[in-house]
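First the structure, then my questions, so here it is.
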Amino acid sequence: MAEIRIQGVRKSYTKGTWVIHGVDVSIGDGEFIVIVGPSGCGKSTLLRMIAGLETITAGEISIGGKIVNDVEPKDRNIAMVFQNYALYPHMSVYDNMSYGLRIRGFSKADIETRVQRAAKILELGPFLARKPRELSGGQRQRVAMGRAIVREPAAFLFDEPLSNLDAKLRVQMRLEIQKLHRELGTTSIFVTHDQVEAMTLANRMIVMNAGVVEQVGAPMAVYDAPASLFVAGFIGSPAMNFLPGSVRDGRVDVGGGHLIALPRPLLEHAPAQVTVGIRPEHLVACAEGDDAFTFPVETIEALGADSMVHGKVGATPLVARVEGHAAPAIGSTARFALMPERLHFFDTVTGKRLAA
Amino acid sequence: MVENRPVLVFLRHAVLLAGVACVAFPLWVTFVASTLTLEQILTVPMPLVPGDQFWANYSQVLTAGSTRGAAAPVGQMMANSLVMALAIALGKIAISLVSAFAIVYFRFPLRNFFFWMIFVTLMLPVEVRIIPTFKVVSDLGILNSYLGLTLPLIASATATFLFRQFFMTIPDELAEAARIDGAGPMRFFWDVVVPLSKTSMAALFVIQFIYGWNQYLWPLLITTDESMYTVVIGIKRMIVGGDALTEWNLVMATAMLALLPPAAVVILMQKWFVKGLVETEK
């Protein structure tokens, strides 16, 4: 177990074009960190640099207080779980799990106890003699995790491990990974593009976009106070509504005759162009009222527990989440009040959250 | 076929049977001739049912060889052919496996250049480079030796290319997982790459064994000592002068014997051969 420090890490493949523009994060001992972002944002590259599979162009990575920039992956005391499992197809489950131990010269008895213990945790006992191709996707993924566990490494690195599984299995494995982390308490870094995985698994999450860290924080903190338009749009489903407008007399004119008052602390240094963000779940249906949004309902998506009401305010599309049966009829006029304490204000030009 | 008309069925079978007959008939004539006496073969028309000289002909070629022409026993020639074919097949597999591994998994200067150099040698089969190669082998003093028979034929661009293509289908993550598990390159080679290449190796073995066994021009050039003759050369050397002088019964028996090992390899390794060419175990 160890803490991992990433300082000013940058990566480029061809001179001058940076894939990762300087990442500074320190990950505490035993923490479960999720790196989340759209594909191509550099999250896997960052993970692979921690693993030692990619060279570090600039900056420093240290694991357990030791700088590992020039340390071979095998000597970094980390274990990695790959998206496509990367099990050795010709070896049995037992051999797959014990391969790393055998190379490191562990005694037969020691290997046996470690593998059996991991197999017990992961409920792989009956499959130890099988080949990977005789296992289901979920079982293969468990073997891949078993291969990591037996090593008892300082940190687990997960590279989108659930992406190849079907939806139901993904939920199940998510819970298992959570349970595993509680039992073992090993520092874990988990890369995913799925914000649900990020929200449910992380102690803290790192939201990345285009090689830049947009925000680091606990999932609920990120949800409650996204640091930028990107984070606000990426975390939460369906995505946050954005209403761009210009500031006049301390209010934002978002079009369609709607004016949203800026909170007092923001009044003084608000830029001219402000984007107001409101999550679909924070639009509440209401009766007549002054500050209510009214718009004609264009589409309804009924999801069962909830229904999504789609419409437009001015030219901007808007989504509201209502209780399943409470959806208004298509074509009727919907009326929603904004929860003032749930509004988010961003500088339209820089995309940054406006802070008091 | 969806249609099921009797005429078409008949036609289909007739065409197929005719094809089989075309291929099998010469083989049958060879077999029949190998069981007759020379006089019987020379009668016109030659009988098409096996005679009673099977044991006599076969035991003579295996132990003593022909009385005219080459006199080395065919048993010895078969052994030579076997050594040559095995050495070529195994040597080609070993060298190609290692060179493909280097080309796919290591980054070194001029990697692509070397790959293309290997590839270009496809254009230079033995027949094209035979004189310089003969000169080299002769200068090395390995004429009339197994080394001389096999060494110039071992390098193989085809096999290197085949292994390269196969290695490129092995997911990169496997190599990365092995790196994290602590396996060095050679450990990865022995523990992962070689076991995964088993079926490709088997397919190549079949192809290269037959290639080695059927070598004609090269052994013809560099073997002058009868004890180093391969069976293919042996057949040629048994044929002397005019028709009447050649002991056709013995030549045919030798031809039948020469057929057996490649056929056996193909039949025994058929399953692996097909597997190696169509499927990869991943």
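Throughout, read-outs are computed from the coordinates displayed, never taken from laboratory work. These numbers come from a predicted model, not from an experiment. A quick note on method: Cβ atoms are made from the backbone with ideal geometry, for glycine too, and the neighbour counts reach across all protein chains shown.
Name the chymotrypsin sites (Phe, Trp or Tyr not before Pro) in region B:89-166 that are in a loop by DSSP and that have at most 11 other C-beta atoms within 10 Å, would you? List each step's numbers first, then the result.
Details: sites: B:Phe101, B:Tyr105, B:Phe106, B:Phe113, B:Phe114, B:Phe115, B:Trp116, B:Phe119, B:Phe134, B:Tyr146, B:Phe161, B:Phe163, B:Phe166; in loops: B:Phe106.
Of the chymotrypsin sites (Phe, Trp or Tyr not before Pro), the ones in loops of region B:89-166 whose Cβ has at most 11 other Cβ atoms within 10 Å are B:Phe106.
In nm, to one decimal, how far is the modelled label at A:Tyr13 from the one at B:Val7, with both set 7 Å along Cα→Cβ?
6.3
May I pose another question? Once you average over the residues of A:148-158, how many Cβ atoms of partner chains fall within 10 Å of each Cβ? List each step's numbers first, then the result.
Numbers: counts 3, 0, 0, 3, 0, 1, 0, 0, 0, 1, 0.
Across A:148-158, the average partner-chain Cβ count within 10 Å equals 1.
What are the aspartates and glutamates whose alpha-carbon lies under 14 Å from the alpha-carbon of A:Lys74, with same-chain residues fewer than 8 places away excluded?
Within the straight-line cut-off, A:Lys74 pairs with A:Glu54, A:Glu152, B:Glu176, B:Asp181.
Then there is this: Return B:Asp225, B:Asp191, A:Asp159 ranked ascending by Cβ neighbour count within 10 Å, so the fewest neighbours appear first. Don't skip to the answer; put the middle values down first.
Values: B:Asp225 11, B:Asp191 20, A:Asp159 24.
By the 10 Å Cβ count, ascending, the order reads B:Asp225, B:Asp191, A:Asp159.
Follow-up. Tell me, which longest segment in chain B has none of the GluC sites (Glu not before Pro) that fall in DSSP loops with at most 10 further Cβ atoms within 10 Å? Please list the in-between numbers first.
On the way: sites that count: B:Glu3, B:Glu127, B:Glu279.
Answer - B:128-278.
Given H placed 1.01 Å from N in the peptide plane, which residues other than close sequence neighbours of A:Glu214 have an amide H under 5 Å from its amide H?
So A:Glu214 has HN proximity to A:Val207, A:Met208, A:Asn209.
In units of 2.2 N^0.38 Å, what is the alpha-carbon radius of gyration of the protein assembly as shown? Mind showing how you got there, number by number?
Working: Rg = 37.4 Å, N = 638, 2.2 N^0.38 = 25.6 Å.
So the Cα radius of gyration is 1.46 times the expected 2.2 N^0.38 Å.
Using the Karplus curve 6.51 cos²θ - 1.76 cosθ + 1.60 with θ = phi - 60°, work out ³J(HN,Hα) for each residue of region B:104-111 in order, rounded to whole Hz, and write x for Gly and Pro.
After applying 6.51 cos²θ - 1.76 cosθ + 1.60, I find 7, 9, 10, 9, 9, x, 6, 4 Hz.
Along the principal axes of its C-alpha atoms, what lengths does region A:53-196 span, in descending order and rounded to whole Å?
Largest to smallest, the principal-axis extents are 45, 42, 29 Å.
Just round it to a whole percent: the fraction of Cα-Cα distances in region A:106-181 exceeding 17 Å.
46
Is there a simple number for the mean count of other chain Cβ atoms within 10 Å of the Cβ of residues in A:78-86, and what is it? If you can, show how the numbers build up before the last one.
On the way: counts 1, 3, 6, 1, 7, 1, 5, 4, 9.
The shielding value for this peptide is 4.
Here's another thing I want to ask about it. If you filter region A:1-95 for trypsin sites (Lys or Arg not before Pro), then keep DSSP loop positions with at most 15 other Cβ within 10 Å, what is left?
Listed in order of number, the matching sites are A:Lys15.
Calculate, axis by axis, the spread of Cα positions in region A:46-134 along the three principal axes, and write the results as whole Å, longest axis first.
In descending order, the Cα extents are 46, 28, 22 Å.
Using a/c under 1.5 as the rounded threshold, could you call chain B rounded, prolate or oblate? The axes a ≥ b ≥ c are square roots of the C-alpha gyration tensor eigenvalues, and prolate needs a/b larger than b/c, oblate otherwise. Each step should come with its number before you reach the end.
Numbers: a/c = 2.67, a/b = 1.47, b/c = 1.81.
Verdict is oblate for chain B.
Just B:Met228, B:Met123, B:Met256 to compare: in a GNM of chain B, with alpha carbon springs under 10 Å, which one fluctuates most?
Of B:Met228, B:Met123, B:Met256, the most mobile in the Gaussian network model is B:Met123.
Now for a separate question. I need the phi-derived Karplus couplings for region B:50-63: 6.51 cos²θ - 1.76 cosθ + 1.60, θ = phi - 60°, integer Hz, Gly and Pro marked x.
Taking θ as phi minus 60°, the curve returns x, x, 10, 9, 3, 5, 4, 5, 5, 5, 5, 5, 5, 9 Hz for region B:50-63.
Which loop-located trypsin sites (Lys or Arg not before Pro) does region A:91-150 contain, where loop means any DSSP state but H, G, I, E or B and the Cβ has at most 12 other Cβ atoms within 10 Å?
Working: sites: A:Arg102, A:Arg104, A:Lys108, A:Arg114, A:Arg117, A:Lys120, A:Arg130, A:Arg133, A:Arg140, A:Arg142, A:Arg147; in loops: A:Arg104, A:Arg130.
Here the sparse-neighbourhood loop sites are A:Arg104.
Right, another one. Relative contact order of region A:237-306, please, whole-number percent, based on alpha carbon pairs below 8 angstrom and at least 6 residues apart.
Numbers: 63 pairs, mean separation 22.9, N = 70.
Dividing the mean separation by the residue count of region A:237-306 yields 33 percent.
OK, next. Under the rule a/c < 1.5 gives rounded, and otherwise a/b versus b/c splits prolate from oblate, where does region A:166-218 land using the Cα gyration tensor?
Numbers: a/c = 2.64, a/b = 1.42, b/c = 1.86.
Oblate.
Return B:Ile95, A:Ile278 ranked ascending by Cβ neighbour count within 10 Å, so the fewest neighbours appear first. Display every interim value, and only then the final one.
On the way: B:Ile95 15, A:Ile278 24.
In order of increasing Cβ crowding within 10 Å: B:Ile95, A:Ile278.
Also, quick follow-up: Comparing A:Val71, A:Val191, A:Val23, which has the greatest mean-square fluctuation in the GNM of chain A with Cα pairs linked when under 10 Å apart?
A:Val71
Next question, about the same structure. Which of the aspartates and glutamates could a cross-linker span from B:Lys271 if the Cα-Cα distance has to be under 13 Å and same-chain partners fewer than 8 positions apart are dropped?
Of all the aspartates and glutamates, those that pass the test against B:Lys271 - Cα under 13 Å, at least 8 places apart if same chain - are B:Glu279.
Most exposed first by the Cβ proxy, i.e. fewest other Cβ within 10 Å, how do B:Ile210, B:Ile154 rank?
On the way: B:Ile210 16, B:Ile154 19.
Neighbour counts put them in this order, fewest first: B:Ile210, B:Ile154.
May I pose another question? Rounded, prolate or oblate: which one fits region B:41-170, using the alpha carbon gyration tensor with axes a ≥ b ≥ c (rounded when a/c is under 1.5, else prolate when a/b beats b/c, else oblate)?
Judged from the Cα gyration tensor, region B:41-170 comes out prolate (a/c at least 1.5, a/b above b/c).
Another question, if that's okay. Loop by DSSP (not H, G, I, E, B), at most 13 other beta-carbon atoms within 10 Å: where is the longest site-free stretch of chain A for GluC sites (Glu not before Pro)?
Working: sites that count: A:Glu123, A:Glu268, A:Glu288.
Maximal segment without exposed cleavage sites: A:124-267.
Would you give the gap between the C-alpha center of region B:186-242 and the C-alpha center of region A:74-135, rounded to a whole Å?
41
On alpha-carbon atoms, Rg over Rh for region B:82-143 using Kirkwood Rh? Before the final figure, lay out the partial values.
Details: Rg = 14.6 Å, Rh = 13.9 Å.
My calculation of the ratio gives 1.05.
Name the residue, out of A:Leu266, A:Leu162, A:Leu180, whose mean-square fluctuation peaks in a Gaussian network model built on chain A with Cα pairs under 10 Å.
Fluctuation is largest for A:Leu266.
No solvent, one uniform scatterer per C-alpha: report log10 I(q)/I(0) for chain A via the Debye equation at q = 0.08, 0.13, 0.14 1/Å, two decimals.
Log10 I(q)/I(0), no solvent term: -0.50, -1.02, -1.11.
Just to compare against my own numbers: the Cα pair-distance distribution for region B:156-282, 5 Å bins, whole % per bin, please.
Going out from 0 Å in 5 Å bins, region B:156-282 shows 2, 9, 14, 14, 14, 11, 9, 8, 7, 5, 3, 2, 1, 1, 0 percent.
Straight-line reach from B:Lys275: which lysines fall under 29 Å, measuring Cα to Cα and dropping same-chain residues less than 8 apart?
Those lysines meeting the cut-off are A:Lys131, B:Lys92, B:Lys198.
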